[in-house]
Amino acid sequence: MDADAAHAAPAPGRPLRSLLKLLWRTPLFALPFALFFGTLYGARPTAYRDAYLLSLHFSFVISLFIWVTEHFVLPRLTRPTAAGRKPPPWIYPVSYSVTAVSGTFFAAVIAHFTFLPGFLGSARAILLLAMFTLIFCSLIMGLVSAVTFYREAIDKTKAEEELHLARRIQRSFLLTSFPRRPRFEVHAVNLSSKQVSGDFYDVVPAGDRACLLAIADVAGKGVPAALLSSMLQASLRTQALREPSVAAILENINTLVYRSTSVHQFATFFLARLEEDTLRLDFSNAGHNHPVLFRRDGGRELLDRGGVVVGILEDARYEQDGRVLAPGDRLVLYTDGVTEAANPRGELFGEERLYALVDSLPVDLTSEQVTDRILQGVRTHLAGTDAGDDITLMVLRVLEPSPAVAS
């Protein structure tokens, strides 16, 4: 049941409690109608008394009809189908309108044959009853709609505040200052879409002369994806100093995700370990977009060795591969928000545009400048449209050795 249904129909399962509320609220609901009809038909004490008794009768019968509809009819009408299809939104106002009209005429029939003989004794009386029923039903449905829209606006505001807070918490986990070592520099950026996502990146020290580079994309959106992203990051940092193998770290993370999520969430994950002394990069790719190693001499290598996405198979095993980097090499890691950014014509930015853009950049640009140029290229391609997904990007640049390092 969606949010509209939740506002339109109270949760079933407590009919007796609701019936008790109906018994003490009905005399209060009858008061405004008694004032209206008592004033309309004489404005005398006896007129107000008779109008209150009649209004009390109508209020009780109509409320009883609504109580039956809410607790016994609507739950059957709004039950999801076998295919999971939700009920149409018009079923709630239509159900309440039919219930109110039916209750009104049923109460009129009871009054006609009991304490007000002849209440429906003429066509004019029936026409007046129908007219007042239509007027009051319209007013009540208008009030119900206003209250529903007000509640939805409050809920939407609260949800936006919670999402804003979740974004702030999520961004607090992402690095904003990056280590610049004598032999390499790294920079990363995350541009959030309208929702909280599961993208994350990290640069984690793995000893005095090594670090881990990580980028991941959790499937799905919202707070569950952000929570899983935080769990991945915490697991990575816990293992950084005690586990030298990136493949083993991914296997541990995979087991953790598989066992810790009730509905098997999954994530793509790329993890690399860079040794500063030898510039050896050991990596393992768990189904992530292939990072691209741009060699200074114009060569290009995709880092694709690894295994399946984490969280799918409990006993998944991951392969590990390595590259030796050289001064002037650049490594670009990204999530699919970069390559799947679509312009107004529906054309994706794509891998080839990304490769051509990086190839065209001067080799002396810093990693931050390379990141900015790529983001600028994506924005130009979007031409003012929303990216539709989070954009996460990381660039590693191998520096020319300083004289002290070279000696």
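Here are the numbers:
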quantity: Sequence-separation-based contact order of segment 236-284, relative, with Cα cut under 8 Å and 6+ spacing, percent; calculated: 32 percent
quantity: Accessible surface, per residue, of segment 295-378 when the full set of protein chains is kept, probe 1.4 Å, Å²; calculated: 49 Å²
quantity: Where GluC sites (Glu not before Pro) in DSSP loops with at most 14 other Cβ within 10 Å are excluded, longest remaining stretch of the chain; calculated: 1-313
quantity: Largest to smallest accessible area among Phe106, Phe60 [probe 1.4 Å]; calculated: Phe106, Phe60
quantity: Peptides 354-360, 374-380 ordered by average Cβ neighbours within 10 Å, highest first; calculated: 374-380, 354-360
quantity: Subset of Lys158/Lys221; Lys21/Lys156; Lys156/Lys221 violating a 24 Å alpha-carbon distance limit; calculated: Lys21/Lys156
quantity: Relative contact order (%) - criterion: Cα under 8 Å, at least six apart; region: segment 267-407; calculated: 23 percent
quantity: Coil-residue trypsin sites (Lys or Arg not before Pro) of segment 293-364, DSSP, other Cβ within 10 Å capped at 10; calculated: Arg345
quantity: Computed P(r) (all Cα pairs; segment 116-221; 10 Å bins; percent); calculated: 11, 22, 16, 12, 10, 9, 8, 6, 4, 2, 0
quantity: Principal axis dimensions, segment 287-407 - Cα atoms, whole angstrom, descending; calculated: 53, 42, 20
quantity: Rel. contact order, % - alpha carbon contacts under 8 angstrom, at least six apart, the chain; calculated: 13 percent
quantity: Dmax and Rg, reported as Rg then Dmax, of the chain (C-alpha, Å); calculated: 33.4, 113
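The values are calculated or read from the model by the stated rules, or taken from the named source; none is laboratory data. Just so you know, these numbers come straight off a predicted model, no measurement behind them. In this analysis, Cβ positions are derived from the backbone assuming ideal geometry, glycine residues included, and neighbour counts consider all displayed protein chains. Areas reflect the complete protein model, heavy atoms only, side chains present, ligands, DNA and RNA absent. Shrake-Rupley method; radii C 1.70, N 1.55, O 1.52, S 1.80 Å.
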